[in-house]
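Down below is the structure, laid out as structure tokens.
The values are calculated or read from the model by the stated rules, or taken from the named source; none is laboratory data. All values reported here derive from a predicted model rather than from experimental measurement. Cβ coordinates were reconstructed from backbone atoms using ideal geometry, including for glycine residues, and neighbour counts include every protein chain displayed. The protein model used for the area step is the full one, side chains on, heavy atoms only, and it has no ligands, DNA or RNA in it. Shrake-Rupley method; radii C 1.70, N 1.55, O 1.52, S 1.80 Å.
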Amino acid sequence: SQQGEEDPQALSIQEGENATMNCSYKTSINNLQWYRQNSGRGLVHLILIRSNEREKHSGRLRVTLDTSKKSSSLLITASRAADTASYFCATGGSEKLVFGKGTKLTVNP
Amino acid sequence: DVKVTQSSRYLVKRTGEKVFLECVQDMDHENMFWYRQDPGLGLRLIYFSYDVKMKEKGDIPEGYSVSREKKERFSLILESASTNQTSMYLCASNELGETQYFGPGTRLLVL
């Protein structure tokens with residue numbers, strides 16, 4: 001039962017540009033999380049935003065959450081080649097997380 | 001730093017073999033999870049456990065079982081491996097509702 005849906009499925013940009021990925025979900029949530037996965041590796045947690053928060057920053061990452069539209073966005077500013085990875089949103093209830101299918105980001109040097 | 005380790009990075013097994021995938025976490029987390037990841041399908045939850053000897057089915061438990069005899073260890077068992085279980089298997093752990101910490105993954109090939 002996939003809840004989060006990332007958009008776009010794939011994104012290709014030049015180094016130095018900003019990358020924006022979106023996530024939409026269907027039911028009420030306690031929090032929403034973003035993860036990154038480098039090719040063939042496990043997922044790494046990036047940021048968690050709670051349902052009563054609207055925006056959160058971590059370094060070059062900015063996450064917004066709009067619970068009225070059931071959507072979130074992840075902005076990576078001044079992208080680098082090392083940001084090339086797949087990015088997943090995950091929505092949490094009281095127990096397990098439900099992951100989307102991810103956005104594959106390619107940052108070209 | 002939280003560490004989640006998985007017993008193998010790569011595994012090749014034959015159809016019908018019994019396969020054990022081991023996961024260990026060192027942060028005393030209550031919850032542990034097993035996912036499989038396939039192209040175009042994203043991460044799908046197989047089983048999770050919220051306490052020792054407790055287990056809950058996820059979205060795709062068929063063909064799998066799990067064991068959690070100790071808090072730090074969560075094992076995924078393929079009783080009789082089949083080719084459609086060829087996949088990347090990811091283990092994770094967390095405290096209730098919080099960040100999940102993932103292991104590096106086990107890429108399983110069933111021939």
14 Å beta-carbon shell around B:LYS13, net charge (K/R +1, D/E -1) = +1
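What number, in percent, do you get for the relative contact order of chain B if the mean sequence gap of Cα pairs under 8 Å and at least 6 apart is divided by its residue count? Intermediate values should be presented prior to the final figure.
Working: 293 pairs, mean separation 40.6, N = 111.
Once divided by the residue count of chain B, the mean separation gives 37 percent.
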Kirkwood-type radius of chain B, with distances r between different C-alpha atoms, in Å | 13.8
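Please report the buried accessible area for the interface of A with B, total over both chains, probe 1.4 Å, in Å² to the nearest 100. Spell out each step's value before the answer.
On the way: alone 6120 and 6170 Å², together 10510 Å².
So the buried area, both faces added, is about 1800 Å².
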GNM top mover of A:LYS69, A:LYS56, A:LYS26 - chain A, alpha-carbon springs below 10 Å = A:LYS69
Residues in region B:1-23 that, when all protein chains are in place, have 30 Å² or more less accessible area than the chain alone would give (probe 1.4 Å) = B:ARG9
Proportion of all alpha-carbon pairs of chain A beyond 20 Å (%) = 33
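Could you put B:VAL52, B:VAL12 in order of accessible surface area, largest first, with the 1.4 Å probe and the full protein assembly present? Don't skip to the answer; put the middle values down first.
Numbers: B:VAL52 45, B:VAL12 95 Å².
Ranked from most to least accessible, the order is B:VAL12, B:VAL52.
Filter A:LYS69/A:LYS101; A:LYS96/B:LYS71; A:LYS56/A:LYS101; A:LYS56/A:LYS96; B:LYS18/B:LYS53; A:LYS101/B:LYS18 down to the pairs with a C-alpha to C-alpha distance above 27 Å, please.
On the way: A:LYS69/A:LYS101 20 Å; A:LYS96/B:LYS71 17 Å; A:LYS56/A:LYS101 22 Å; A:LYS56/A:LYS96 22 Å; B:LYS18/B:LYS53 21 Å; A:LYS101/B:LYS18 29 Å.
From the list (A:LYS69/A:LYS101; A:LYS96/B:LYS71; A:LYS56/A:LYS101; A:LYS56/A:LYS96; B:LYS18/B:LYS53; A:LYS101/B:LYS18), the Cα-Cα distance tops 27 Å for A:LYS101/B:LYS18.
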Provide, as a two-decimal number, the C-alpha radius of gyration of region B:56-106 over 2.2 N^0.38 Å, N being how many residues it has.
-> 1.25
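Given all pairs of different Cα atoms, what value in angstroms does the Kirkwood hydrodynamic radius of the protein assembly as shown take?
Values: mean 1/r = 0.0561 Å⁻¹.
Radius from the Kirkwood sum: 17.8 Å.
Treat every Asp and Glu Cβ in chain A as -1 and every Lys and Arg Cβ as +1, leave all other atoms uncharged, and give the resulting dipole magnitude about the Cα centre to the nearest 20 debye.
On the way: 14 positive and 10 negative charges, 40 e Å.
Rounded to the nearest 20 debye, it is 200 debye.
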Stokes-Einstein diffusion coefficient of region A:47-107, Kirkwood radius over Cα pairs, 20 °C, 1.002 mPa s, in µm²/s = 168
